[in-house]
Protein chains: 4
Amino acid sequence: MLAPRPSLLLAPRVLGRWVKQLHGTAVVAKKMTALDAGARATELPPLTAAGWAVVSDRDAIKKNFNFANFNEAWSWMTAVALAAEKLDHHPEWFNVYNKVEVTWSTHDCNGLSLKDVKMAKFCDEVAAKYLKK
Amino acid sequence: MLAPRPSLLLAPRVLGRWVKQLHGTAVVAKKMTALDAGARATELPPLTAAGWAVVSDRDAIKKNFNFANFNEAWSWMTAVALAAEKLDHHPEWFNVYNKVEVTWSTHDCNGLSLKDVKMAKFCDEVAAKYLKK
Amino acid sequence: MLAPRPSLLLAPRVLGRWVKQLHGTAVVAKKMTALDAGARATELPPLTAAGWAVVSDRDAIKKNFNFANFNEAWSWMTAVALAAEKLDHHPEWFNVYNKVEVTWSTHDCNGLSLKDVKMAKFCDEVAAKYLKK
Amino acid sequence: MLAPRPSLLLAPRVLGRWVKQLHGTAVVAKKMTALDAGARATELPPLTAAGWAVVSDRDAIKKNFNFANFNEAWSWMTAVALAAEKLDHHPEWFNVYNKVEVTWSTHDCNGLSLKDVKMAKFCDEVAAKYLKK
């Protein structure tokens, strides 16, 4: 009878984890955790001051952006899309012509994480190029 | 007596040419008109057969597209964005990761016009490249 | 004495408005004509002052743009791509990471036309948002 | 006696491949290494068969893509741009209207790496959606 091969027998679970990493690629920190009370106290006030609203019925933040036209709205969305794909953290967003409504929340932790904070700041930084000429 | 003003006297013809050029371009028909009953009977059934739903509370059509991932969703949206900008007729759309919900309606006529039909067909044509591999 | 012809006398202003509309719209004249000597004297010096170089072996203008990173380069290219598709006048461009080399020339007239001037100015206007923060 | 478990016994080799794939992804291996002789013999023939040419004066591969129009070329470029940003490995590419010439090479190792192979394959996979309708 073959001796047990623990590493091989464990392999499926390990594999499972690696496969998940493989599919999640880009960023690594597999499971984002929700912002704790301290992080919320630090990170959220600057965002709400910048126009982000905490959504009432779920743990998410939302902001409306108004650009000059579709060209500017779409170029801005493209910048956000590239950054979102790189971070493997994608927005919920609605667009019509020059208007974009963006919501950030993290599926993994069913609420706000640092990735949402990071992407909300990025949205504002890029929008500032268009909005303050 | 006023001196002849050749440029002004020629103007009507020149104007005519410019107006024709203007009408030859994408943007022209300033005011789109709503589809009449005949056009609706011809144009809408193929669209509803293709998965477009007539919105209940306004004269608009809507469809959900599910792609393999964000990369495909965004590439498809980019194709639609370019066509929309060229036709000067833009969608209302919501995206999260691989999903896009698109609504077409025409502000000018407060309802469906031929531009909506055209863009809905374009959405389907490009999506077919991604969805039927 | 000729009676006043209000419509003709108003024509220049009307024409001006139409021409402005014309320039704002999609496609315009099927066949673009090359810039004449007067237009070159007016239009090219501001462009060369802004960093556009007249290409030596053909009638074209070229400029290198350096952005902070690929995200900015690609967002800028997206703005230019949308405008190019709308005007039906596309660039020759080379990109690697944060750098873009753009050349404008008009196939129809085998040289520079007003569309090249227009698109070169647009390139600079959008780039200014990224480069002068 | 337990029956052999081929899948588990093969696992180490499979794992090796997956780990390599894992290391080929975004954040991980900072410095890419050049393809060794064995990898070149395995990876390059399928690419040259698919139309990629080895550049003569440097260690790089290049291919021309011809799309139906600018809309398709740009949508394809957008798919490649998103993947490139995610993998942090960007193309050298030239576009005019429906044509795109793409070159892949890796700065880190001054030659071809697995990232180039991966991105060249991705270019072909996405192009196939547009070119084989």
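So is D:LYS129 more than 23 Å from C:ALA79 (Cα to Cα), surrounded by 19 or more Cβ atoms within 10 Å (Cβ to Cβ) and more than 13 Å from the chain's Cα centre (by Cα) or not? For D:LYS129, the condition - more than 23 Å from C:ALA79 (Cα to Cα), surrounded by 19 or more Cβ atoms within 10 Å (Cβ to Cβ) and more than 13 Å from the chain's Cα centre (by Cα) - is met.
Is there a residue in region A:112-119 that is among the hydroxyl-bearing types (Ser, Thr, Tyr), crowded, with 18+ Cβ neighbours inside 10 Å and more than 14 Å from chain C (Cβ to nearest Cβ)? Checked region A:112-119: at least one residue is among the hydroxyl-bearing types (Ser, Thr, Tyr), crowded, with 18+ Cβ neighbours inside 10 Å and more than 14 Å from chain C (Cβ to nearest Cβ). When B:SER113, B:SER75 are checked against the criterion of being among the hydroxyl-bearing types (Ser, Thr, Tyr) and farther than 20 Å from B:ASP59 by Cα, a single residue qualifies: B:SER75.
Determine whether B:ALA79 is open to solvent by less than 20 Å² (accessible area, probe 1.4 Å), without any contact (Cβ under 8 Å) to a residue 60 or more places away in the chain and touching a Phe, Trp or Tyr at 6+ places or on another chain (Cβ under 7 Å). Even if it seems obvious, please write down each step before you answer.
On the way: open to solvent by less than 20 Å² (accessible area, probe 1.4 Å): yes; without any contact (Cβ under 8 Å) to a residue 60 or more places away in the chain: yes; touching a Phe, Trp or Tyr at 6+ places or on another chain (Cβ under 7 Å): no.
For B:ALA79, the condition - open to solvent by less than 20 Å² (accessible area, probe 1.4 Å), without any contact (Cβ under 8 Å) to a residue 60 or more places away in the chain and touching a Phe, Trp or Tyr at 6+ places or on another chain (Cβ under 7 Å) - is not met.
So in region C:77-101, with the set limited to residues that are among the β-branched types (Val, Ile, Thr) and in contact with a Pro (Cβ under 8 Å, 6 or more places away or on another chain), which one is nearest to the other protein chains (Cβ to nearest Cβ)? Looking at the filtered set, the residue picked out is C:VAL96. Scanning region A:25-76 for residues that are within 13 Å of another protein chain (Cβ to nearest Cβ) and at pLDDT below 95, which turns out least open to solvent (accessible area, probe 1.4 Å)? Step by step, filter region A:25-76, then rank; the result is A:ALA26. Inspect region C:84-107 for any residue being farther than 21 Å from B:VAL80 by Cα, touching a residue at least 60 places away in the same chain (Cβ under 8 Å), open to solvent by 10 Å² or more (accessible area, probe 1.4 Å) and under 13 Å from the mean Cα position of the chain (by Cα) and give the result as yes or no. Scanning region C:84-107, I find no residue that is farther than 21 Å from B:VAL80 by Cα, touching a residue at least 60 places away in the same chain (Cβ under 8 Å), open to solvent by 10 Å² or more (accessible area, probe 1.4 Å) and under 13 Å from the mean Cα position of the chain (by Cα), so the answer is no.
The values are calculated or read from the model by the stated rules, or taken from the named source; none is laboratory data. Please read all numbers here as calculations on a predicted model, not as lab measurements. No Cβ is skipped: glycine too gets one built from the backbone with ideal geometry, and neighbour counts run over all protein chains shown. To get the accessible areas, we keep the full protein, side chains included, count just its heavy atoms, and leave off ligands, DNA and RNA. Shrake-Rupley method; radii C 1.70, N 1.55, O 1.52, S 1.80 Å.
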